[in-house]
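Chemist: Before I ask anything, let me first share the structure, which is written out below as structure tokens.
The values are calculated or read from the model by the stated rules, or taken from the named source; none is laboratory data. Since the structure is predicted, the reported quantities are computational estimates derived from the model, not experimental observations. For neighbour counting, all protein chains shown are included, and Cβ atoms are generated from backbone atoms with ideal geometry for every residue, glycine included. Note: areas computed on protein heavy atoms with side chains; ligands, DNA, RNA excluded. Shrake-Rupley method; radii C 1.70, N 1.55, O 1.52, S 1.80 Å.
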Amino acid sequence: MSDTYPPSNLAAIDAAHHLHPFSDMKKLNAEGTRIIERGEGVHIFDSNGKKYLDGFAGLWCVNIGYGRREIADAVARQMNELAYYNTFFGTTSPPTTLLAQKVTSKAGPRFNHVFFTGSGSEANDTWLRMARVYWAAVGRPEKKTVIARRNGYHGSTVAGASLGGMKYMHEQGDLPIPGIVHIGQPYWYGEGGDLSPAEFGLKVARELEEKIDELGEDNVAAFVAEPVQGAAGVIIPPATYWPEIDRICKARNILLVTDEVICGFGRLGEWFGHQHFGVEPDFAPIAKGLSSGYLPIGGLLVSDRIADVLIGEVGDFNHGFTYSGHPVCAAAALENLRIIEEEKLVERVRDDIGPYFAQKWGALAEHDFVGEAQSIGLMGGLQLAADKKTRTRFEKPDAIGALVRNHALANGLVLRATGDRMLASPPLVISHEEVDEMARIARIALDAAWKELRG
Ligand code: PXG
């Protein structure tokens, strides 16, 4: 039990007072929450002392692993020096400004500015407004509509959830808001039918062109997508997809937004996902791996095309958050980026642990239960299938994913389930032996679930 927070009845207190995100509270309260007390490297420990390999890096974010003293020290130093100051009225703090320099230096020549936020959702809200401000400033105020994707995830604020394409989110709270429309996702396994992945990639990319035609190019501000869909199930687009999207956005003068909240900071073996796919976005929301989740901080990378107009023509952009550029969060992020650089974690994902993970995760495709096992960098998606030969899916996908996840958990591995897909996104510091361990437990979980289902 934690010495700092001693009550032994935390689960009861939690049930009485705490509403959890994306949770059926009646069910959760009946089952009781798991209380996670400690983290070290790629492992977390619950209040019963049970150890788990965290194959999900918290929530896609703990890129440098748990328990890094350097971050705690940097945070304590900054808190003692200056715990808070804002960036609104002509002020900044040293770590905030240095973080702006550092993070833009990793994003390639087109990005020289960042707008800080407290989260990925706020970063998405920020570009939605900034894109419309940009088009108005260049004399195209009618370019307002944004095209996003079915099953995209861009956060939980009103704009974030509207940009996202999760039906179960739109159903709550009267979303999406006007001015946001959705096209298909490059999910070949589930939706590609008889087309080859390459053909399907082109087909769904061209839905963007069709939607632009339908709306009128003069009315469309931007297209937003995650380089690889995360929450939807680690959906890795066919190789034909991104080059076609990039071509269409350029040809039709539509801003391209790559939401890098998950893919940024080494997850795909490059600093940012758009670099992996070789596309040229105008905006890139960031969060998660920016601080490895040690403190909440996000931001919006703003390309020169936009920044030049914003700075040169717009004047005040009437937008910002109390915690935009929070000095302590910035100090944590700065130290996190120093660690990623010093330990060459991005290169490690590209050249060493990413390929090793691909081998071990990919081998899970041999299982009777697994239709497809794909990965990119340290992001893995496992498609469960009722009949892998015919790509037939289970009738109750949520139940199947939850079954595998629960068996993994019981055996000491955290994986996330999205419907009938199992998701992995371990810390970038994971060792080869720990990848072996992940694959070993995943296989045990698949076997146990298979036995439960098929006897
Ligand atoms: N964009 C992307 C691509 C994300 O994955 C956000 C924006 C929003 O970031 P904030 O910091 O506002 O949460 C995210 C967040 C899941 C899950 O179940 C994924 C996220 C958040 C919560 C749950 O996979 N991603």
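Chemist: Just want to confirm a number: the relative contact order over the stretch 33-77, from Cα pairs under 8 angstrom separated by 6+ residues, in percent.
Modeler: Once normalised by length, the contact order is 32 percent.
Chemist: So how far apart, in nm, are the two label points at LYS250 and MET25 if each is 7 Å from Cα heading toward Cβ?
Modeler: Distance between the two pseudo-spin positions: 5.0 nm.
Chemist: Can you work out the Karplus-derived ³J(HN,Hα) for every residue in the stretch 185-197? Use 6.51 cos²θ - 1.76 cosθ + 1.60 with θ = phi - 60°, whole Hz, and x for glycine or proline.
Modeler: Values per residue, Gly and Pro as x: 10, x, 9, 4, 4, x, 10, x, x, 8, 6, 6, x Hz.
Chemist: Right, something else. Taking 7 Å along the Cα-to-C-beta vector as the label spot, tell me the GLU81-GLU40 distance in nanometres, rounded to one decimal.
Modeler: 3.1 nm
Chemist: Kindly report the accessible area of the chain per residue (heavy atoms of protein chains, probe 1.4 Å, no ligands, DNA or RNA), in Å². Show your work: numbers first, answer last.
Modeler: Details: 19620 Å² over 455 residues.
Per-residue value: 43 Å².
Chemist: Also: Got a number for the accessible area of ASP246? Probe 1.4 Å, square angstrom, nearest 10.
Modeler: Looks like 20 Å² after rounding.
Chemist: For the chain, what does the helix formula give at 222 nm: sum of -39500 (n - 2.57) over DSSP H segments with n ≥ 4, over the residue count, nearest 500 deg cm²/dmol? Before the final figure, lay out each step's value.
Modeler: Details: 18 runs with 183 residues, N = 455.
When only DSSP H runs of four or more count, the value is -12000 deg cm²/dmol.
Chemist: If you don't mind, there's one more thing I want to ask. How high is the FRET efficiency from VAL314 to GLN101, r the C-beta distance, R0 30 Å, rounded to 0.05? Walk me through the numbers on the way to the answer.
Modeler: Values: r = 23 Å, r/R0 = 0.75.
Efficiency, rounded to the nearest 0.05: 0.85.
Chemist: Expressed in nm to one decimal, what extension gain is obtained for the pair ASP447 and LYS344 from 0.36 nm per residue of sequence separation less their Cα-Cα distance?
Modeler: My answer for the length gained is 33.5 nm.
Chemist: I need the chymotrypsin sites (Phe, Trp or Tyr not before Pro) found in the stretch 1-91, filtered to DSSP loop residues with at most 10 other beta carbons within 10 Å of theirs.
Modeler: Qualifying residues, ordered by number: PHE22, PHE89.
Chemist: Is the stretch 33-106 best put as rounded, prolate or oblate by its Cα gyration tensor, with a ≥ b ≥ c the root eigenvalues, rounded for a/c under 1.5, and otherwise prolate when a/b is larger than b/c, oblate when not?
Modeler: Numbers: a/c = 2.80, a/b = 2.10, b/c = 1.33.
Prolate, since a/c reaches 1.5 and a/b exceeds b/c.
Chemist: Moving to a separate point now. Which GluC sites (Glu not before Pro) from the stretch 402-451 combine a DSSP loop assignment with at most 14 other Cβ atoms within 10 Å?
Modeler: Loop-located and lightly packed - none at all.
Chemist: Under 37 °C and 0.692 mPa s, how fast does the chain diffuse according to Stokes-Einstein, given a Kirkwood radius computed over C-alpha pairs? Answer in µm²/s, whole number.
Modeler: It comes out at roughly 144 µm²/s.
Chemist: Further question on the same structure: For a quick check of your reading of the filter: which GluC sites (Glu not before Pro) in the stretch 307-396 sit in a DSSP loop and have no more than 12 other Cβ atoms within 10 Å?
Modeler: GLU395
Chemist: Roll a 1.4 angstrom probe over the protein heavy atoms and tell me the percent of accessible area of the chain that is carbon or sulfur.
Modeler: The C+S portion of the solvent-accessible surface of the chain is 53 percent.
Chemist: Could you please put GLU122, GLU81 in sequence from largest to smallest accessible area, using a 1.4 Å probe?
Modeler: From most exposed to least exposed: GLU81, GLU122.
Chemist: In what sequence, highest mean first, do 302-310, 325-333 appear when ranked by Cβ atoms within 10 angstrom?
Modeler: Details: 302-310: 19.0, 325-333: 27.2.
With the highest mean Cβ count within 10 Å placed first, the list reads 325-333, 302-310.
Chemist: How are the C-alpha pair distances of the stretch 71-342 spread across 10 Å bins, as whole percents from the shortest bin up?
Modeler: Pairs per bin, as whole percents: 7, 30, 36, 20, 6, 1, 0.
Chemist: Still on this model: At what distance in angstrom do the alpha carbon centres of the stretch 142-183 and the stretch 77-115 lie from each other?
Modeler: Centre-to-centre (Cα) distance: 30 Å.
Chemist: In what sequence, highest mean first, do 123-132, 151-160, 203-212 appear when ranked by Cβ atoms within 10 angstrom?
Modeler: 123-132, 151-160, 203-212
Chemist: Continuing with this model, one more query. Return the distance in nm (one decimal) between the two label points of a simple spin-label model at ASP351 and PHE88, each offset 7 Å from Cα along Cα→Cβ.
Modeler: If labels sit at ASP351 and PHE88, their model points lie 4.7 nm apart.
Chemist: May I ask you to compute the full-extension gain from LEU409 to ARG440, defined as 0.36 nm times their residue separation minus their alpha-carbon distance, rounded to one decimal in nm?
Modeler: Once the chain is fully extended between LEU409 and ARG440, it gains 9.9 nm.
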